[in-house]
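Enquirer: Let me begin by handing over the structure; questions about it come next.
The values are calculated or read from the model by the stated rules, or taken from the named source; none is laboratory data. Please read all numbers here as calculations on a predicted model, not as lab measurements. Cβ placement follows ideal geometry from the backbone for every residue including glycine, while neighbour counts extend to all protein chains displayed. For accessibility, only protein heavy atoms count, side chains too; no ligands or nucleic acids. Shrake-Rupley method; radii C 1.70, N 1.55, O 1.52, S 1.80 Å.
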Amino acid sequence: MLQLVTFSTLNGVLYGMLLFMMASGLTLIFSMMGVLNFAHASFYMIGAYFGFEISRRIGFWPAFFIAPVLVGLVGALVERFGLRRVHKFGHVAELLFTFGLAFVIEELVQMIWGKLPVDYRVPPSLDFVAFRLFDTTYPAYRMFMLAVAVAMFVFLLLVLKRTRVGLIIQAALTHPGMVAMLGHDVPTVFMSVFGVGAALAGLAGVIAGPALVTQPAMAALLGPILFVVVVVGGLGSLAGAFVASLLIGLIQTFAVAINLSMGDVFGPAVANAFGDLGRVTVAQIAPIIPYLLLVLVLIFKPTGLFGNRES
Amino acid sequence: MKKVFAGAVACLLLCGTALAADPIKIGFVDPLSGGGATTGEGGLKNLQFAVDIINNAGGLLGRKVEIIPLDNKVNPQESLVQAQKAIDQGARYITQGQGSAVALALTDFISKYNERNPGKEVLYFNYAAVDPALTNAKCSFWHFRWDASADIKMAALTNFMKTRPNIKKIYLINQDYSFGQAVRTLARDMLKTKRPDIEIVGDEVHPLQKVTDFSPYIAKIKASGADSVITGDWGQDMALLMKAGAEAGLQVDWYTYYAGGGGGPTAIKQAGLEHRVFDIVEGNANSAVESAQKSEAEFRAKYGIGLWYPRGMNEIAMFAEAVKKAGTADDVKKVASALEGMKITVFDGGEGYMRKDDHQFIQDMYLRSFGPLDKGAKFDEENTGWGWKEIARINSADTIVPTTCKMERPN
């Protein structure tokens, strides 16, 4: 039991941190620009593919630094030449733009790298066992992912709380109109935030690519969960995104470990009244639990756990 | 001189038209993207390889055979759209294998299509979907299956498990759809009679081809104290399950349907599970007859992967035989009748036949384990230096399970 709890916690925190690397950018973009960026997970996918392409040419470590920068550039370009033009037609147009962009990116990736998963491997320098606990080994690469995610979190926190740029961004989070009134170049702030958000997602892709699977469907698999994180955490709240990411990471991992069904909790009589629903275990419905949470949060606390505004 | 020239021109025209006669089209409806893509792509190459052999020998009745690849994303709904697309392009044959949920939808679709379009019927060749229902409750005259049904395979696996006293606690992990559910039910039922002493410590289903990290499932298997695992997982699910197991250092015996697919062998080697992973197949390259080994070598040289589907070779060979026997590729009813009961020498050696009662191909089966190559064994997997070794051959007569199929034949 202790073993299961320990490893579920480790796996859950890791998954949560990975979610946070993407959700942080998404929530920043959303709160500043009011755009729910449907293509955000696509930047994660581009990051993984760039990471794969660069690492097979000049090695993993250069890829680790170069790929996120490239993805950030792509993101900035998308904002400058795509989103900014669409901006004047309102939020719905922007939403549709990012929605379409996600499909375009997926098709492009398929055209360039094919539909099959690419052979993106853990670098040999990180391919060893980090530690052994209860007779279970834990790969070093996973520890590395965790370390990168934590480092990124600290970095983001410092930038937002300790720098002038962070001050403007924070102000723009809650009072975007006021910031513009004060004479700040809001479009440039938008562009850089969008670029940095994309770069963070790209970084997540570079490190997640070898551990998960680098394939054209990876964006579509992860995208919906990101929205859950952002909504549950509260729109525009980084702390909220952080807590929600960990929460959902842990919920999903622990749900897999729980074999209880309604029948076990309330007795067979109650379970039979629900038919098949009474017999499924928590483990079986693990993938939909986050969405259930999304619905509940929207009903009972539309601002999310930490949010303080509704749009 | 003039005559010769005229003859040559005539031949150019006529012979040309004969060669350019409409090809016989086979619609290939399987995943070519997403989690099932690796195995789908493997199936496509396999069937293409078999078709190339026929085309290189002059085709069928003077016509070439052409495969139309269509991506169904392992989605039953999408499959029907793609099957219709194939039919619209002139295909009178549909072949599919990855996923029994798709197969059940397709067999239903094709039966209805044939009812509504007399004279334009379509045949359905199934090379890998093994839900027993397809040759029992849902059997159809238009459907033919070359892979052994899931119950045949589980019977063979459990017969072997009966002889392994070290199995005490077993864990079942399967994909949450018709085939995965069939595997877990079959495993439970057969173990109950063959090895009632075995304790089933886990019975898990997970989403089909959607999980990207199996570590939580592996942690659970570890915590259950299981010494063996039974799984029907295939495609990306199988590769990632083995990979997560290897990373966590999970030391168990694996009784599988499809450990041989892409990605699995690398993970098995990494985990050091020497001859502790078993699978049940209809052909084993390392112990096959010489002709099969030659094809295997050719296939590997051409595509860089193993010839995973010897049954695909049987499928195309029997299709060609049936077309020749029927004297037509367009009257598929005649082709289907020719296939019924047809006997052939199987690709990997031995005899096989298409059982008339339910259109299930009956063939020898092989139980294999994965480990360092024996001396003289030719084929390793994924450059690991490890390969498959035959541990038991189950004669076709011993693989027969009764069918409840009441076949409705068209008049």
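Enquirer: If amide hydrogens are placed 1.01 Å from N in the peptide plane, which non-local residues have theirs closer than 5 Å to the one on B:Val277?
Expert: B:Trp254, B:Phe370
Enquirer: Report, in cubic angstrom per residue, the convex hull volume of the C-alpha atoms of segment B:38-153.
Expert: Measuring per residue, one finds 113 Å³ for the Cα hull of segment B:38-153.
Enquirer: Which shape class applies to segment A:119-162: rounded if a/c is under 1.5, otherwise prolate when a/b exceeds b/c and oblate if not, where a ≥ b ≥ c are the square roots of the Cα gyration tensor eigenvalues?
Expert: It comes out oblate by the Cα gyration axes.
Enquirer: Right, next: Using the Karplus curve 6.51 cos²θ - 1.76 cosθ + 1.60 with θ = phi - 60°, what ³J(HN,Hα) values do you get for each residue of segment B:275-280, in whole Hz, with x for Gly and Pro?
Expert: 6, 10, 10, 10, 9, 10
Enquirer: What does the accessible area per residue of the protein assembly as shown come to in Å², with a 1.4 Å probe and no ligands, DNA or RNA counted?
Expert: 41 Å²
Enquirer: Express the relative contact order of chain A as a whole percentage, based on alpha carbon pairs under 8 Å and six or more residues apart in sequence.
Expert: For chain A, the relative contact order is 33 percent.
Enquirer: Also, I was wondering about something else. Determine the distance separating the Cα centre of segment A:113-139 from the Cα centre of segment A:1-78; give it in Å without decimals.
Expert: Taking the Cα centre of each part, segment A:113-139 and segment A:1-78 sit 17 Å apart.
Enquirer: Could you state the number of Å between the C-alpha centres of segment A:93-109 and segment B:128-143?
Expert: Taking the Cα centre of segment A:93-109 as reference, the centre of segment B:128-143 is 40 Å away.
Enquirer: Run the accessible area of segment A:2-300 with a 1.4 Å probe and give the carbon-and-sulfur part as a rounded percent.
Expert: 75 percent
Enquirer: If I take R0 = 35 Å and measure r between the Cβ atoms of A:Thr188 and A:Gln3 in this structure, what FRET efficiency does the formula 1/(1 + (r/R0)^6) give, to the nearest 0.05?
Expert: 0.10
Enquirer: Pull out a ≥ b ≥ c, the square roots of the eigenvalues of the alpha-carbon gyration tensor of segment B:208-337, then state rounded if a/c is under 1.5, prolate if not and a/b is larger than b/c, and oblate in the remaining case.
Expert: Note, shape of segment B:208-337 comes out prolate.
Enquirer: Rounded to a whole number, what is D in µm²/s for chain B from Stokes-Einstein with the Kirkwood radius over alpha-carbon pairs (4 °C, 1.567 mPa s)?
Expert: 59 µm²/s
Enquirer: Could you tell me which of rounded, prolate or oblate describes segment B:219-285, using a ≥ b ≥ c as the square roots of the eigenvalues of the alpha-carbon gyration tensor, with rounded for a/c under 1.5 and, failing that, prolate when a/b is larger than b/c and oblate otherwise?
Expert: Prolate, since a/c reaches 1.5 and a/b exceeds b/c.
Enquirer: Going down the table (B:Lys25/B:Lys324; B:Lys45/B:Lys162; A:Lys115/B:Lys45; B:Lys45/B:Lys138; B:Lys302/B:Lys333), which pairs top 25 Å between alpha carbons?
Expert: Listed pairs above 25 Å: B:Lys45/B:Lys162; B:Lys45/B:Lys138; B:Lys302/B:Lys333.
Enquirer: So how long is each side of segment A:1-140 along the principal axes, counting just the alpha-carbon atoms, biggest first, in Å?
Expert: 59, 37, 26
Enquirer: Tell me the total accessible area that A and B bury against each other, 1.4 angstrom probe, in square angstrom rounded to 100.
Expert: Roughly 2300 Å² of accessible surface disappears when A and B pair.
Enquirer: How big is Rg to Rh over chain A, alpha-carbon atoms, Rh as the Kirkwood inverse-mean-distance radius?
Expert: Using only Cα positions, Rg/Rh for chain A is 1.00.
Enquirer: Let me ask another. Beyond 25 Å between alpha-carbons counts as too far, so tell me which of B:Lys85/B:Lys325; B:Lys169/B:Lys243; B:Lys269/B:Lys378; B:Lys210/B:Lys406; B:Lys153/B:Lys294; B:Lys153/B:Lys375 fall in that bin.
Expert: Listed pairs above 25 Å: B:Lys85/B:Lys325; B:Lys210/B:Lys406; B:Lys153/B:Lys294; B:Lys153/B:Lys375.
Enquirer: Relative to 2.2 N^0.38 Å, what does the C-alpha radius of gyration of the protein assembly as shown come to as a ratio? Two decimals please.
Expert: 1.05
Enquirer: For the protein assembly as shown, what proportion of DSSP beta bridges, expressed in % and rounded to the nearest 5, is antiparallel?
Expert: Around 40 percent of the beta bridges assigned by DSSP in the protein assembly as shown are antiparallel ones.
Enquirer: Counting partner chain Cβ atoms within 10 Å of every residue's Cβ in B:192-205, what's the average?
Expert: 1
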